[in-house]
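> Pasting in a structure now, in structure tokens, and then I'll have a few things to ask.
The values are calculated or read from the model by the stated rules, or taken from the named source; none is laboratory data. All values derive from a computational prediction rather than experimental measurement. As a convention, Cβ positions derive from the backbone with ideal geometry for all residues, glycine included, and neighbour counts pool all protein chains shown. For accessibility, only protein heavy atoms count, side chains too; no ligands or nucleic acids. Shrake-Rupley method; radii C 1.70, N 1.55, O 1.52, S 1.80 Å.
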Amino acid sequence: GGYTTYWFVGAGDTALTRRVFLRSTTTAAGVFGVGGADALCQNTASGLGMGSNWQAIVSDSNVESFAVNRTNVNWGTLTNLDGATIATSWNDVWDGTISTGITISGAPVWTGSLSDGRAATNTCNSWVTSSSAIWAHTGLSGNTATTWLSNNAPACNNSYYFYCIETGPNPADRLPNV
């Protein structure tokens, strides 16, 4: 197919736990690109007093910006803010299902992603438009099946949530410990 996914040799540090949360406020999709979505997550986490670095679980058409390629692989367990296990490894996040839903059951979440973390066709022009004539893939929070990340593609002028994932103290650390 036309997709490229980067794979890293080695294994994540299984002693590390990363967290994920659903941003508590909704926004239309035109957030000035993937970086704008990341800034929303970082600002929300900082405002809640959570250290570390955070980014949105979103994809755009640039292969390096697929959610699966943007997510730090150097960790062992992904939990929600209450400590419940969401996934037991980086691979577990992208296998199509997760162990525990990420809060507010059934609330739409902007992702622009397919269930394996690659970009869907629709990403609101890479997250720069809130037009009612353009669409983006969404997931459904609270779900554990593939729909947690990829459910449907509503218009970009709707206001939905973003998933935010902890990337650790160094967001550029995308390679596992070997």
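> Which order do THR129, THR167 take by accessible area at a 1.4 Å probe, largest first?
Ranked from most to least accessible, the order is THR129, THR167.
> Once label points are set 7 Å from the Cα along Cα→Cβ at both LEU16 and ILE104, what is their separation, rounded to one decimal in nm?
For LEU16 paired with ILE104, the spin-label model returns 2.9 nm.
> Can you sort THR123, THR146 by 1.4 Å-probe accessible area, starting with the largest?
Accessible-area ranking of THR123, THR146, largest first: THR146, THR123.
> Something else about it: Heavy-atom accessible area of THR14 with all protein chains present, probe 1.4 Å, nearest 10 Å²?
It works out to around 120 Å².
> Also: Rounded to two decimal places and with Rh computed the Kirkwood way over Cα pairs, what is Rg over Rh for the chain?
Taking Rh as the inverse mean 1/r over Cα pairs, Rg/Rh reads 0.94.
> Let me ask you something else. State the extension gain, in nm to one decimal, for the chain segment bounded by SER52 and ALA145, taking 0.36 nm per residue of separation less the distance between their alpha-carbons.
30.6 nm
> Hey, what did the chain get for relative contact order, percent, Cα under 8 Å, at least 6 apart?
That works out to 33 percent.
> Tally the DSSP beta bridges in the chain and give the antiparallel ones as a percent, rounded to 5.
In the chain, approximately 75 percent of DSSP beta bridges are antiparallel ones.
> Read phi for every residue in the range 43-58 and hand back ³J(HN,Hα) as whole Hz from Karplus 6.51 cos²θ - 1.76 cosθ + 1.60, θ = phi - 60°, with x for Gly and Pro.
In residue order, the calculated couplings are 5, 5, 4, 4, x, 8, x, 8, x, 6, 10, 9, 9, 7, 8, 9 Hz.
> Give me the accessible area of LEU81, 1.4 Å probe, in Å² rounded to the nearest 10.
Number for this one is 90 Å².
> Now, a different point. To the nearest 20 debye, what is the magnitude of the charge dipole of the chain about its Cα centre, counting +1 on the Cβ of each Lys and Arg and -1 on the Cβ of each Asp and Glu?
I would put it at about 200 debye.
> Give me the accessible area of THR100, 1.4 Å probe, in Å² rounded to the nearest 10.
It works out to around 50 Å².
> A follow-up question, please. With springs only between Cα atoms under 10 Å apart, run a GNM on the chain and tell me which of TRP94, TRP110, TRP54 wobbles the most.
For the chain, modelled as a Gaussian network with Cα springs under 10 Å, the answer is TRP94.
> Give me the number: length gained by fully extending ASN91 to SER132, i.e. 0.36 nm times residue separation minus the C-alpha to C-alpha distance, one decimal in nm.
11.3 nm
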